[in-house]
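Written below as C-alpha cells is the structure these notes are about.
The values are calculated or read from the model by the stated rules, or taken from the named source; none is laboratory data. Note that the structure is predicted; figures quoted are calculated from it, not measured. No Cβ is skipped: glycine too gets one built from the backbone with ideal geometry, and neighbour counts run over all protein chains shown. The area values use the complete protein model at the heavy-atom level, side chains included, leaving out ligands, DNA and RNA. Shrake-Rupley method; radii C 1.70, N 1.55, O 1.52, S 1.80 Å.
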2 protein chains.
Amino acid sequence: MLHLSKKIEYGLIALRHIASEVNGCVVTAKEISDKYHISYELLAKVLQKLTREGIIISYQGVKGGYILARKPDQIKLSDVIYAIEGKSNISLMNCEAEKPEMCNIFSTCTIKYPLAKIQDIINNVFNDVTISEIV
Amino acid sequence: MLHLSKKIEYGLIALRHIASEVNGCVVTAKEISDKYHISYELLAKVLQKLTREGIIISYQGVKGGYILARKPDQIKLSDVIYAIEGKSNISLMNCEAEKPEMCNIFSTCTIKYPLAKIQDIINNVFNDVTISEIV
DNA sequence: ATAAATAGGACTAAAAAGGTCGTATATATA
DNA sequence: TATATATACGACCTTTTTAGTCCTATTTAT
Ligand code: SF4
Ligand code: SF4
C-alpha cells in the first residue's frame with residue numbers, strides 16, 4: 001500500500017550504479033539489467049524517463065549509454081519518483097494527487113486536512129534524501 | 001504509489017466519527033456509510049477488521065454498533081493500517097514486507113539498506129500520529 | 001417472533017503494476 | 001557507406017491489487 005514500485009526501485013538501483021561509476025564512463029541499460037537481473041525493456045524505459053526529466057543524460061548509438069546529469073547530492077528522491085511515476089503518485093490521498101475532486105467523497109471527507117499534515121512530513125523526507133545517500 | 005487505500009481512508013473517517021460521538025453512544029455502520037457516502041458493505045468489513053484487532057468494540061443486535069476500545073490518543077495510525085491491511089502493506093519495499101527473499105533481485109539489490117533508513121522515518125511518522133490528531 | 005444490527009466468506013469488476021514486442025533513430029567504426 | 005550497437009517510444013498483454021457486491025449466518029432488544 002505504501003510500496004515503492006519496481007520501476008522506482010530499478011531507477012534507484014540504476015542511478016546508484018551510474019553514480020558509482022568511474023568518472024566520465026557511460027553506462028548502458030544492458031550492463032545494468034544484466035548486473036542486477038532486471039528486465040531490460042522495463043529498465044530501458046525507466047532510464048528514458050529519467051533522461052526526459054533531465055536526471056541523466058543519454059548518448060545514442062554505438063558506445064552510447066547514460067551518465068548523471070548532475071551530482072548525486074543534487075538528485076532528490078522526489079525528483080526520481082516524479083520523473084518515473086508522475087507527481088501524483090507521491091501523495092497519500094487521491095484528492096491531493098489529482099487536481100479537483102477526483103474523490104467522490106471529497107465534500108464530506110473529514111480526514112483530508114489531517115492527512116495533508118502527514119503528507120507534508122512525507123514530502124519533506126523524499127525531498128531531503130538524495131542519490132548520494134544511497135550510494 | 002504511496003496512496004492510502006480507500007479501506008484505510010474509510011476506517012479513519014469512521015474512527016474519527018466514532019471518536020467525536022457523545023460519550024457512550026454506539027455508532028452503526030449504516031450511520032457512517034450514509035453520512036459520508038461510503039459503500040456500506042465495504043465499510044462494514046473495515047469495521048469488522050478494526051473490531052478483530054481490538055481497536056473498536058462491537059455490539060451486535062438491535063441497538064448495536066461500535067465504540068472505541070481505547071482513547072483516541074491511544075490509537076496509532078500504524079495500528080489502524082495494520083488492522084485493515086496487514087503489517088506488510090506499511091512498508092516501502094517488498095523485501096521488508098514479506099518474510100524472506102520475496103524479491104527475486106534481493107541478492108544483487110544495492111538499495112535495500114538505504115531504503116530501510118527511509119522506512120524507519122516513515123514508520124516513526126505512522127507510529128506518532130494518533131486518531132486524536134485527526135479529530 | 002421480528003426487525004435491526006454485526007460477522008464473514010465468496011465472488012466480480014475495475015484499476016494499477018509489471019512486463020513484452022516491434023519499430024524507429026542515432027552513431028562509432030570497420 | 002554498411003553494420004552493429006545503442007537509445008527512444010508507443011502499443012499491447014498479463015498479473016496483481018484494490019474496490020465493491022452479494023449472500024447467508026448470528027446476535028439481541030423489543
Ligand atoms: S477527500 Fe478524503 S477520502 Fe477522498 S481522497 Fe481526499 S482524503 Fe481520501
Ligand atoms: S531487495 Fe531491493 S528491489 Fe527487492 S524489494 Fe528489497 S529494496 Fe526492493
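Couple of notes before you dig in:
- Solvent-accessible surface of region A:6-133, averaged per residue with a 1.4 angstrom probe and all protein chains in place: 52 square angstrom.
- Neighbourhood charge, 12 Å Cβ-Cβ cut-off, centred on B:L4 and excluding it, Lys, Arg +1 and Asp, Glu -1: 0
- Rel. contact order, % - alpha carbon contacts under 8 angstrom, at least six apart, region B:6-133: 25 percent
- Cβ-defined net charge surrounding B:L42, 9 Å radius [Lys, Arg +1; Asp, Glu -1]: +2
- The mean number of partner chain beta-carbon atoms within 10 angstrom of a residue's beta-carbon across peptide B:108-118 is 6.
- Span from the region B:58-74 Cα centroid across to the region B:10-56 one, whole angstrom: 9 Å
- Longest site-free stretch - chain B; sites: trypsin sites (Lys or Arg not before Pro), DSSP loop, at most 16 other Cβ within 10 Å: B:71-135
- Solvent-accessible area buried by pairing B with A, both sides, nearest 100 square angstrom, 1.4 angstrom probe: 4000 Å²
- Ordered by solvent-accessible area of protein heavy atoms (1.4 Å probe), largest first, the residues B:E41, B:E31 come out as B:E41, B:E31.
- Semi-axis lengths (Å, descending) of the ellipsoid that matches the C-alpha gyration tensor of region B:6-133: 34, 15, 11
- Net +/- balance of residues flanking B:S78 in space, Cβ distance below 12 Å, scoring K and R +1, D and E -1: -2
- B:E53 exposes around 90 Å² of accessible area when a 1.4 Å probe is run over every protein chain in place.
- Across identical copies of the chain, A:G54 has label-point separations of 5.4 nm, listed in ascending order, with the point defined 7 angstrom from Cα along Cα→Cβ.
- Heavy atoms of B:S107 accessible to a 1.4 Å probe, total area in Å² rounded to 10: 110 Å²
- The chymotrypsin sites (Phe, Trp or Tyr not before Pro) found in region A:9-50 include none that occupy coil by DSSP while having at most 10 further C-beta atoms within 10 Å.
- In plain terms, if you count all Cα to Cα distances in the protein assembly as shown and split them into 10 Å steps from zero, the share in each step is 6, 27, 28, 19, 12, 6, 1, 0 percent.
- For region A:105-112, backbone phi angles converted through the Karplus equation (6.51, -1.76, 1.60; θ = phi - 60°) give residue-by-residue couplings of 10, 2, 5, 9, 5, 9, 10, 5 Hz, Gly and Pro being listed as x.
- Rounded percent of accessible protein surface that carbon and sulfur make up, chain B, 1.4 Å probe: 50 percent
- Amide H contacts under 5 Å for A:T130: A:L77, restricted to partners 5 or more places along the chain or on a different chain, H placed in the peptide plane at 1.01 Å from N.
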